Amino acid sequence: GYDHDTTNFDSIRNYEYQLEGLSNNIINGDDQTTRITSTYYFIQNLKKALRIKNSFNYPFTALKTISILKPDDSKFRIFTWNLLLDSNKYMYFGVIQMNDKDSFRIFGLYDSSKFVKNPSYAEVDHRHWVGALYYQIHSYTVKKKKLYLLMGWDGEDATVNKKLIEVLWFDKAGMPRFGAPIFDNGGDIQSRMIFTFAEEAVMLLRYEHEGNMIVFANTVPANPLLKGQFSHYLPDGTYDYFKFQKGFWVRYENLYENTKNPHLY
């Protein structure tokens, strides 16, 4: 746990109070300007808080609307959050805080979803991030290289939502990179998996430790004539999955073969 005796604790907690208020404004601010301004001040204050010694172990539990994930190896933690624009689209923000002993290193994540060409195949740096709110992290090692899978949500717009499987890794210079050609989607090798479906649908996507696989609800158009119109895509009650094989996450269909699995809900 966090050591409450440090003098740093109080100063981080003071920042946390301010961050808590700002994070509420990011979500509930009446107008777009308020929400964007609150984000700007949130980032400034978060940076200051993270500069304080030992801040890596401070949990920031008061920040209910901010996702904070840490992998098993505690090499870093990743903060993500979003704000709703008047256009009903979301803007995403993030920070990676490295767990360095005596130095301070963070990377701001800049949502470039609008500009990344072919995001399913792109490898990008932290300045060209495909924005998402991450809710699960799973790390694994292949050929001495550490890879971090991130499950994320993107409330694209008023008609569709997205879920994605992102992969984060660090290059030789220690810089974060997103995307790698590790997903075998029916023979099509992709660098990240993006699922787009109807706004009203709930789509399960998660890494299951039991069986070491990524399980997800298969979504299909409500009517075959609507193929490609993702605002009509709904889960069909079946689950597909990715299994790790020879360096790739390979997609398979029908995990439960007609048996409805109640504990998935």
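The values are calculated or read from the model by the stated rules, or taken from the named source; none is laboratory data. Just so you know, these numbers come straight off a predicted model, no measurement behind them. Positions of Cβ are backbone-derived with ideal geometry, glycine not excepted, and every protein chain shown enters the neighbour counts. Heavy atoms of the whole protein, side chains included, go into the accessibility calculation; ligands, DNA and RNA do not. Shrake-Rupley method; radii C 1.70, N 1.55, O 1.52, S 1.80 Å.
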Selection from the stretch 197-253 of residues more than 30 Å from Asp72 (Cβ to Cβ) and loosely packed, with under 12 Cβ neighbours inside 10 Å yields Glu200, Asn223, Pro224, Leu225, Lys227, Gly228, Gly237
Within the stretch 44-60, considering residues that are open to solvent by 10 Å² or more (accessible area, probe 1.4 Å) and either in contact with a strand residue (DSSP E or B) (Cβ under 9 Å, 6 or more places away or on another chain) or hydrophobic (A, V, I, L, M, F, W, C) (or both), the one farthest from Tyr134 (Cα to Cα):
Ile52
Which of the residues spanning the stretch 74-105 are within 19 Å of Leu50 (Cβ to Cβ), surrounded by fewer than 16 Cβ atoms within 10 Å (Cβ to Cβ) and either basic (Lys, Arg) or touching a residue at least 40 places away in the same chain (Cβ under 8 Å) (or both)?
Lys75, Asn99, Lys101, Phe104, Arg105
Single residue of the stretch 14-28 satisfying the filter (touching a residue at least 40 places away in the same chain (Cβ under 8 Å) and surrounded by 14 or more Cβ atoms within 10 Å (Cβ to Cβ)) that is nearest to Asn99 (Cα to Cα):
Glu16
Is it true that some residue in the stretch 136-153 is under 16 Å from the mean Cα position of the chain (by Cα), closer than 30 Å to Lys227 by Cα and surrounded by fewer than 17 Cβ atoms within 10 Å (Cβ to Cβ)?
yes
Scanning the stretch 154-184 for residues that are aliphatic (A, V, I, L, M), in contact (Cβ under 8 Å) with a residue 40 or more places away in the chain and open to solvent by 40 Å² or more (accessible area, probe 1.4 Å), the one farthest from Tyr207 (Cα to Cα) turns out to be Ala158
